[in-house]
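Report on the structure given below.
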Amino acid sequence: MDRCVVLVDAGYLLGAAASLLAGEPARSRITVDHTALIQGLRERAEAETGQPLLRIYWFDGAPDRVPQPEHRRLRVMPRVTVRLGALTRTDGRWAQKGVDAAMHAELSELARNRACADIVLITGDGDLLPGMMSAKEHGVAVHLWAVQAADGDYNQSEDLVAEADERRVLDRAWITRAVKARELPGVCVPPTPRPEIAAILSAPLPESPASPRKPAAGSTAATAPAPAAPGTDASPDGAAPRPRPAAPAGTVAGRTHVPTPKDLAGLASGRPVLPAAAVNGGPQPNATLRWSSDRGWVERGGQGGGEGTDGALPTLAQLTTAEQRWADREEDITAVSGDPFEVGQVFARRWAARLGDRAVLAHLAAEEYPRIPHRIDGELLRYAARFGLLAHKDDQIDEHDRYAIRAGFWREIDARTGTQRPAPAE
């Protein structure tokens, strides 16, 4: 058949690109525009072989062969088929299992069935040498493409190079059309709104029998300000009511009084305060307190401060509408790479934007030993587990990844509050 096929070893292509652009082979050090990359591969393959493209096969590894965000983006593109091998982590390093065998099998089958006249092979692994030789024996021309090596030397098996019918190098100029070195970001900027998502998020909410009277023409229920609850001030932009700033610490016998956990336990459960807020009222005997060094935030309530109590910070799920939840999922699939640091930033950006209370963010960032509130931290790690690169067979997240996730969270909070946090000591 007068067609060409491209077989891509994603581990080689993206790892070599990361080495070239960022100085190390970690794929987390680069950002990839997969649409531009696939288009570039297609155009170059058709130009070099003189044949129309049949299909691009993208071979990559994934934990338990579960597609990751980039795989979900790729497999819905035209003329792209994703094949996944296993991905395991040993001694802190990721290793692919079964990818080479899958490429060898596909290479041999395509040639044996005469599905194409030319095969473009993007890999550096010498284990594919038998498959390449088999394809040539069936009359298929094999084009071997390499990524420009960071040190100027070969980053491919010399046996592959010697056996290939044609060899080309994807140089830095070609690679940078779709791949960029990742820079440490400041504030995590949301992606440009897509028209279909913006239309859904801006649509009026349906009015239920228990809902308040329909707002005036020209406004929507989503933007109409809600009445402020007792002990809170209405936000001028119609966002959720925010707690009134706590009054300065009181004085006792001429001295500044710093509230103790016992003082905080006496506050009414209906008045949310920060842990450092002053005690302005008398003790309330029915209030309870949960104060723990591993939680880093005071949670109060009649049932021990469980989820949903007035004194606890709201989770992202509690702050998110159904429309926003759909848009978040769409962004996760199409725009979030799954890098642990980026995952922490994306979560913190959404939570901070919907929380709307800068005083809470400033208080969190100002703590000498900042800790993510317990319920928020649990939700953050559950969100991170959606990106399967972080999940392991024991349903735990690798310790190194947990550090990176939380570092991304704090990077976003610090950027939003202007906090300058000293670098950790060596």
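Readers should treat all values here as calculations from the given coordinates under stated rules, not as data from a laboratory. Only a predicted model underlies this, so the values are computations on that prediction, with no experimental measurement involved. Note that we place each Cβ from the backbone using ideal geometry, even for glycine, and neighbour counts take in every protein chain shown.
Quick one: 3J(HN,Hα) in Hz for the range 349-361, Karplus 6.51/-1.76/1.60 with θ = phi - 60°, rounded, Gly and Pro as x.
3J(HN,Hα) across the range 349-361, in whole Hz: 4, 5, 5, 5, 5, 8, 5, x, 10, 5, 4, 5, 4.
Show me the ranking of peptides 6-14, 111-119 by mean Cβ neighbours inside 10 Å, starting with the highest.
6-14, 111-119
What are the residues whose amide H is under 5 Å from the amide H of residue 30, where those residues sit 5 or more places off or on another chain and H is modelled from the backbone?
For residue 30, whose amide H was placed from the backbone, the distant partners under 5 Å are 182.
Sort the following peptides by mean Cβ neighbour count (other Cβ atoms within 10 Å, averaged over residues), highest first: 342-355, 400-413.
Packing order, densest peptide first, comes out as 342-355, 400-413.
Can you list residues whose amide H is under 5 Å from residue 55's amide H, if they're 5+ apart or on another chain and H is modeled 1.01 Å from N?
6
What does the charge count around residue 19 come to, taking other residues whose C-beta lies under 10 Å from its C-beta (Lys +1, Arg +1, Asp -1, Glu -1)?
Details: positive: 29; negative: 24, 151.
Result for the neighbourhood of residue 19: -1.
DSSP loop (so not H, G, I, E, B), at most 15 other Cβ within 10 Å: list which chymotrypsin sites (Phe, Trp or Tyr not before Pro) in the range 120-175 pass both filters.
Passing both the DSSP loop test and the Cβ count: 154.
Around residue 85, which amide H atoms from residues at least 5 apart in sequence, or from another chain, sit under 5 Å from its own amide H, with H modelled in the peptide plane?
60, 61, 62
Using only alpha carbon pairs under 8 Å that are at least six residues apart, calculate the relative contact order of the range 317-417 and give it in whole percent.
45 percent.
In nm, what is the difference between 0.36 nm times the number of residues separating residue 386 and residue 168 and their Cα-Cα distance?
74.7 nm
Rounded to whole Hz and in sequence order, give me ³J(HN,Hα) for the range 320-327 from the Karplus expression 6.51 cos²θ - 1.76 cosθ + 1.60, θ = phi - 60°, writing x for Gly and Pro.
Along the range 320-327, the couplings run 10, 7, 4, 5, 5, 4, 5, 5 Hz.
Once you sort the root eigenvalues of the Cα gyration tensor of the range 4-181 as a ≥ b ≥ c, which label holds: rounded (a/c under 1.5), prolate (a/b larger than b/c) or oblate (the other case)? Don't skip to the end; give the middle numbers.
Numbers: a/c = 1.35, a/b = 1.27, b/c = 1.06.
Taking the square roots of the gyration eigenvalues as a ≥ b ≥ c, the range 4-181 is rounded.
Within 10 Å of each residue's Cβ, count the other Cβ atoms and sort 329, 371 from fewest upward.
329, 371
Using a cut-off of 14 Å between beta-carbons, work out the net charge of the residues near residue 102 (Lys and Arg +1, Asp and Glu -1, residue 102 not included).
-4
Could you run the Karplus curve 6.51 cos²θ - 1.76 cosθ + 1.60 with θ = phi - 60° over the range 172-178 and give me ³J(HN,Hα) per residue in whole Hz, x for Gly and Pro?
4, 4, 6, 4, 6, 5, 10
Kindly identify the range 317-417 as rounded, prolate or oblate by the Cα gyration tensor criterion: order the square roots of the eigenvalues as a ≥ b ≥ c, call it rounded if a/c is under 1.5, otherwise compare a/b with b/c, prolate if a/b is larger, else oblate. Show your work: numbers first, answer last.
Values: a/c = 1.85, a/b = 1.18, b/c = 1.57.
The shape class here is oblate.
Taking 0.36 nm per residue of separation and subtracting the Cα-Cα distance, what length does fully extending residue 354 through residue 2 add?
Working: separation 352, 0.36 × 352 = 126.72 nm, distance 5.50 nm.
Gain on stretching residue 354 to residue 2: 121.2 nm.
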